[in-house]
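Notes follow the structure.
The values are calculated or read from the model by the stated rules, or taken from the named source; none is laboratory data. Bear in mind the structure is a predicted one, so any value in this text is a computation, not a measurement. Note that each Cβ is placed from the backbone with ideal geometry, even for glycine, and that neighbours are counted across all protein chains shown.
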Amino acid sequence: MTDLTTDTTGAPPEILTERRGAVQWVIFNRPHARNAMTPWMEDRLIEICRAVDADPTVKALALTGATGDKPAFMAGADLSCLQAVSSPEDFTILETRAEAAAMALESVRVPTVAVLSGACVGEGALLSACCDVRIASPSVRFGFPIARTVGNCLSVKNLARLSAVLGTARTKEMIFSARLLTADELAMAGALRTVVATEEGLVAQGQALAEELAALAPLTLWATREGLRRLRDHGLPPDIDKDLLRRCYLSADYQEGIAAFLEKRRPFWTGH
């Protein structure tokens, strides 16, 4: 059954949930904005993960994006959230909220499947990297063009997430080239279980894969994903990247990047 919970403004729901057998689906539902993430969506995703943890009849969790004029998983964070960053407290809140959503997805009790198409950019790419398995249609475009657009940076933990999925060299190349990876490139990197030939068959393939995972020994899957997460994060001290984030988010380059993006022009970088 689809969840029609609205946000605090009374607008249509930005996230839908649908139960299909033992699989709980999460559908990012802002097709007019290519499903760009909002703070309400981050909080709602955390709530859904907690509800899944409390419901033993849920055996797998699948995530996808609602399709509008073009397919999209998630085209990053909503730009209005990025515009609001003007102080250390602002970027701390932004990073903390996004990290809480990522951690909720990574630590949820059941295996997770990301069903990808179209834009899978920024926070969308990060959330898909938090999932255990990914499938995609040929339309998917995955990455972080931040060196070309807004001039911010990724946290060290998010770099670790991406390196675990893509490898260090490909992660660096993706960010340094400021381009988006195709489905074939993701598959070659081992980041996709499969590329589904058509958009129409994508959700059905996602359901079949989630059911396959749901039938396996749950404790084995949980212990494996949790063990790999601990191995990845072992030795990462707190605030290892505070200086990096502060320098990027509070820079003149970041403000120029946001302005240029809104004005649809090339930014003029100064390194300050």
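Quick notes on this one:
- Flag if Ala129 is within 14 Å of the chain's Cα centre (by Cα) and either modelled with pLDDT of 95 or more or crowded, with 24+ Cβ neighbours inside 10 Å (or both): yes
- Here Leu61, Leu45, Leu116, Leu79 are screened, and the one residue that is closer than 23 Å to Thr171 by Cα and not polar (S, T, N, Q) is Leu116.
- Hits in the stretch 87-126 - residues which are surrounded by 21 or more Cβ atoms within 10 Å (Cβ to Cβ) and polar (S, T, N, Q): Thr112, Ser117
- Close pairs from the stretch 254-272: first in contact (Cβ under 8 Å) with a residue 12 or more places away in the chain, partner assigned to a helix (DSSP H, G or I) and among the aromatic types (Phe, Trp, Tyr), Cβ under 9 Å, at least 6 apart: Pro267/Phe261
- Ser137 passes every criterion in (1) closer than 24 Å to Arg50 by Cβ; (2) over 13 Å from the mean Cα position of the chain (by Cα) apart from (1).
- Filter result (on the phi < 0 side of the Ramachandran plot and surrounded by fewer than 15 Cβ atoms within 10 Å (Cβ to Cβ)) within the stretch 248-268: Ala252, Ala259, Leu262, Glu263, Arg265, Arg266, Phe268
- Identification of helices (runs of 4 or more DSSP H) wholly contained in the stretch 1-118 with 3 or more residues that are of a type in the set (D, E, K, R) and modelled with pLDDT of 95 or more yields 39-54.
- Looking across the stretch 163-219, the residues that are within 21 Å of Gly68 (Cα to Cα), assigned to a helix (DSSP H, G or I) and of a type in the set (Gly, Ala, Ser) come down to Ala183, Ala204, Gly206.
- Single residue of the stretch 152-199 satisfying the filter (exposed (fewer than 14 other Cβ atoms within 10 Å of the Cβ) and of a type in the set (Asp, Glu)) that is nearest to Phe261 (Cα to Cα): Glu173
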